[in-house]
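Presented below is the structure to which this report refers.
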Amino acid sequence: MTIDFNKNNDGLVPAIIQDAVTKNVLMLGYMNEEAYKKTMDTKLVTFYSRSKDRLWTKGEESGNTLDLVDIQVDCDNDTLLVSVHPNGPTCHTGTDTCWKEDNETTFGFLTHLENTIKQRKEEGKPDESYVASLFEKGVNKIAQKVGEEAVEVVIEAKDDNDDLFLNESADLLFHYLILLQQKGFKLKDVEDILKFRIKK
């Protein structure tokens with residue numbers, strides 16, 4: 001990997017810090033060549049602190065270190081993307097990120113869909129919403145729909161029609177999200193179980 005530390009007069013390159021699991025951006029720091037080498041050697045993210053005018057390993061005082069996972073350089077060789085496992089809050093103010101955001105996993109469109117399902121449940125208009133009508137019928141009806149969709153996925157998996165298989169898969173996932181909501185859970189809760197199993 002080639003990093004152009006000479007592109008700027010101060011010998012520094014921006015280092016964008018990203019959680020390796022959640023993919024959330026945690027902070028922005030700067031590295032010179034010495035900070036980069038120390039990061040690679042110790043596997044603890046180290047910056048060049050412009051205010052302290054010295055190398056600074058994140059968490060050297062607070063204990064909230066950043067364990068290095070990977071470093072990538074951009075197409076111009078002058079900006080780093082640093083993947084980490086954070087040990088505690090990243091920001092010196094005590095927040096997860098320097099933008100005061102929680103470092104929680106989101107699932108893109110699926111998180112949007114979860115929120116829409118939650119909204120339909122809270123609005124409670126079964127005459128206007130299929131989702132609301134399922135919530136009104138209760139957990140048994142929702143669980144039954146998940147079972148029906150699961151069977152249809154299995155049936156379509158044995159055939160060669162990929163379009164039907166994907167459509168039934170979408171129906172299964174959709175109804176499963178409704179069931180999770182009915183039981184008071186979210187995809188994040190399922191993810192936590194899977195992450196725990198991987199650690200075993």
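Listed by first and then second residue, the pairs linking a residue in segment 103-127 that is farther than 13 Å from Q181 by Cβ to a residue that is part of a loop (DSSP other than H, G, I, E, B) and open to solvent by 40 Å² or more (accessible area, probe 1.4 Å), with Cβ atoms under 6 Å apart and 6 or more places separating them unless they lie on different chains, are N103/D96.
Of the numbered criteria (1) out of contact with any Asp or Glu (no Cβ under 9 Å at 6 or more places or on another chain); (2) outside any loop (DSSP other than H, G, I, E, B); (3) open to solvent by 50 Å² or more (accessible area, probe 1.4 Å), the one C98 fails is (2).
Here V21 passes the criteria (1) under 28 Å from F107 (Cα atoms); (2) part of a loop (DSSP other than H, G, I, E, B); (3) modelled with pLDDT of 95 or more except the one numbered (3). When D4, D53 are checked against the criterion of being free of Cβ contacts under 8 Å to residues at least 12 places away in the same chain, out of contact with any Leu (no Cβ under 6 Å at 6 or more places or on another chain), more than 20 Å from C98 (Cβ to Cβ) and among the acidic types (D, E), D53 stands alone in meeting it. The number of residues in segment 94-110 that are modelled with pLDDT of 95 or more and β-branched (V, I, T) comes to 2. Residues in segment 120-156 that are among the charged types (D, E, K, R) and open to solvent by less than 90 Å² (accessible area, probe 1.4 Å): R120, K121, E123, K141, K145, E148, E149, E152, E156.
When the residues of segment 51-74 are filtered to those that are open to solvent by 50 Å² or more (accessible area, probe 1.4 Å) and either among the aliphatic types (A, V, I, L, M) or in a loop (DSSP other than H, G, I, E, B) (or both), the one that is nearest to D19 (Cα to Cα) is V69. Considering segment 29-50, and only residues there that are open to solvent by 100 Å² or more (accessible area, probe 1.4 Å) and of a type in the set (D, E), the residue that is farthest from C98 (Cα to Cα) turns out to be D41.
Exactly one residue out of L110, L80 is among the aliphatic types (A, V, I, L, M) and either open to solvent by 40 Å² or more (accessible area, probe 1.4 Å) or in contact with a His (Cβ under 6 Å, 6 or more places away or on another chain) (or both): that is L110. Restricting attention to segment 24-45, the residues that are in a helix (DSSP H, G or I) and of a type in the set (K, R) add up to 2.
Per the conditions (1) in a strand (DSSP E or B); (2) farther than 10 Å from Q18 by Cα; (3) under 26 Å from the mean Cα position of the chain (by Cα), the sole criterion not satisfied by Y48 is (3).
The values are calculated or read from the model by the stated rules, or taken from the named source; none is laboratory data. Every value quoted in this text rests on a predicted model; they were computed, and no experiment measured them. Cβ atoms come from the backbone with ideal geometry, glycine included; neighbour counts cover every protein chain shown. The accessibility values were calculated without ligands, DNA or RNA, using every heavy atom of the protein model including side chains. Shrake-Rupley method; radii C 1.70, N 1.55, O 1.52, S 1.80 Å.
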